[in-house]
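Okay, so here's the structure we're looking at.
None of the figures in this text is laboratory data; all of them are computed from the coordinates on show. On a predicted model such as this, the values are computed, not experimentally measured, just so you know. Cβ atoms come from the backbone with ideal geometry, glycine included; neighbour counts cover every protein chain shown.
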Amino acid sequence: MTESTLVVAGMATLAAGTYAFRLSGQLLRARITFPPRATRLLEAAAVILLAALVATTALTEGHGFSGFARPAGVLVAGILAWRKAPFLVVVLAAAAVTALLRLLGVS
Amino acid sequence: MRSIWRTLDRRVLADIGLTCLAVFFIGLSYGAVAVASGFPLWVPAAQSVLVLAGASEFLFIGIVAAGGSPIAAALAGLLVNSRHLPYGVALPPGVTGRRWGRLAGTHVMNDESVVFALAQPDPERKRAAYWACGLGVLACWPGGAVIGGLIGSAVHDTSAFGLDAMFPAVILALIVKDLRDARMLRAALAGAAIALAATPFLPAGLPVLLALAAVLLLLRAPATEASPSPDEELAVLR
């Protein structure tokens with residue numbers, strides 16, 4: 001019983017804290033007027049965050065290497081996206097290459 | 001809602017639809033993993049609606065299932081979700097809605113809705129893309145989690161289908177146009193390298209935040225890059 005109360009407390013903490021992160025960024029942005037160059041830097045910062053997210057989700061699992069299959073799929077997707085392939089092709093290629101490599105025994 | 005369909009062209013809507021479908025499949029595995037780890041179905045169901053941030057929910061379930069304290073699991077999840085603060089700063093005012101609408105719009109802020117918003121050229125389309133993707137994820141992530149929890153072990157091993165490669169591929173496909181600029185590409189690669197180098201040593205979530213240090217590469221006077229015209233500079237940072 002206390003176990004599940006604790007789980008609920010943890011869930012509430014995570015949900016409320018996550019919303020607070022989302023909202024405080026927006027409130028910060030609404031209160032400060034940024035010059036145009038700073039605005040573009042903020043967008044660039046978001047792109048850097050997203051690029052880091054791509055790298056870590058593609059290459060790592062926990063604190064270690066994810067294995068070759070997933071980054072290989074993401075690499076193929078990146079090449080296709082760079083060559084302006086349709087989004088559908090890019091995303092499905094990532095899954096297909098990764099699944100195929102795993103089928104062949106590459107982890 | 002109607003204005004979303006009128007504002008966005010078909011291709012963008014199709015891309016958002018595919019992204020939401022990918023989110024649905026990852027949601028299936030999330031629900032299945034949570035139930036297989038011994039959680040009642042309402043745990044992933046409530047989390048998926050109230051937290052609405054996949055990676056942190058997986059982490060929460062994983063830590064608690066391994067015997068960790070739920071409060072420690074929540075703090076680890078919050079570290080992972082701290083990137084939503086810079087996301088909120090990066091989104092131009094009005095994208096998430098106005099006044100009370102913004103309180104709701106803020107909740108559907110996630111990697112996917114942010115990246116689709118940033119990819120749009122003007123404020124109105126940014127707002128439409130943000131809401132379309134945000135609401136799509138709000139439907140597909142909990143929907144996937146609940147169905148995954150119900151069918152359980154049948155979808156336990158999604159790695160066989162390579163679904164784990166879809167999330168990074170979606171994000172990469174959407175930022176690739178920004179990466180065509182040499183300075184932006186350099187900064188993004190530096191950020192990725194920082195995050196990867198930090199991953200073995202730091203708790204999840206922190207490495208991605210550290211990547212923000214790469215913004216410093218863009219602060220240098222653009223004059224060093226053969227003085228681009230204002231237009232070119234705009235392209236650099238868009």
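Shielding of B:63-73 by partners, i.e. mean partner chain Cβ atoms within 10 Å per residue? Mind dumping the intermediate values first?
Working: counts 1, 5, 0, 0, 0, 1, 4, 12, 6, 1, 6.
What the average comes to for B:63-73 is 3.
Build a GNM of chain B with springs between Cα atoms under 10 Å: which of B:123, B:44, B:142 gets the top mean-square fluctuation?
Its mean-square fluctuation being the largest, the pick is B:123.
With each run of n ≥ 4 DSSP H residues scored as -39500 (n - 2.57), what mean residue ellipticity at 222 nm is computed for chain B after dividing by its residue count and rounding to the nearest 500 deg cm²/dmol? Before the final figure, lay out the partial values.
Working: 14 runs with 167 residues, N = 238.
My calculation for chain B gives -21500 deg cm²/dmol from helical runs alone.
What residue among B:24, B:68, B:117 has its Cα farthest toward the positive end of the dipole of chain B, where the charges are +1 on Lys, Arg and -1 on Asp, Glu, each on the Cβ?
Ranked along the dipole, the leading option is B:117.
I'd like the mean, over residues of B:117-124, of how many other protein chain beta carbons sit within 10 Å of each residue's own Cβ. Mind showing how you got there, number by number?
Details: counts 1, 5, 0, 0, 0, 0, 0, 0.
What the average comes to for B:117-124 is 1.
Measure off 7 Å from each Cα along the Cα-to-Cβ vector at residue B:41 and residue A:84, then give the distance between these two points in nanometres to one decimal.
The modelled label-to-label distance comes out at 4.8 nm.
Order these by the 10 Å Cβ neighbour count, fewest first: B:108, B:114. Don't skip to the answer; put the middle values down first.
Details: B:108 20, B:114 28.
Final ranking by Cβ density, sparse to dense: B:108, B:114.
Going by C-beta contacts inside 10 Å, put B:181, B:164, B:111, B:122 in order with the fewest on the left. Intermediate results must be reported in sequence, preceding the final value.
Values: B:181 18, B:164 23, B:111 26, B:122 9.
By the 10 Å Cβ count, ascending, the order reads B:122, B:181, B:164, B:111.
Let me know the mean shielding of A:32-41 by other chains, meaning the per-residue number of their Cβ atoms within 10 Å of its Cβ. Provide the component values of the computation, followed by the final result.
Details: counts 1, 1, 2, 0, 4, 6, 1, 3, 7, 5.
Mean shielding by partner chains, rounded to a whole number: 3.
Just grab the label-to-label distance for residue A:107 and residue B:202, each label 7 Å out from Cα along the Cβ direction, in nm (one decimal).
In this crude label model, residue A:107 to residue B:202 measures out at 2.7 nm.
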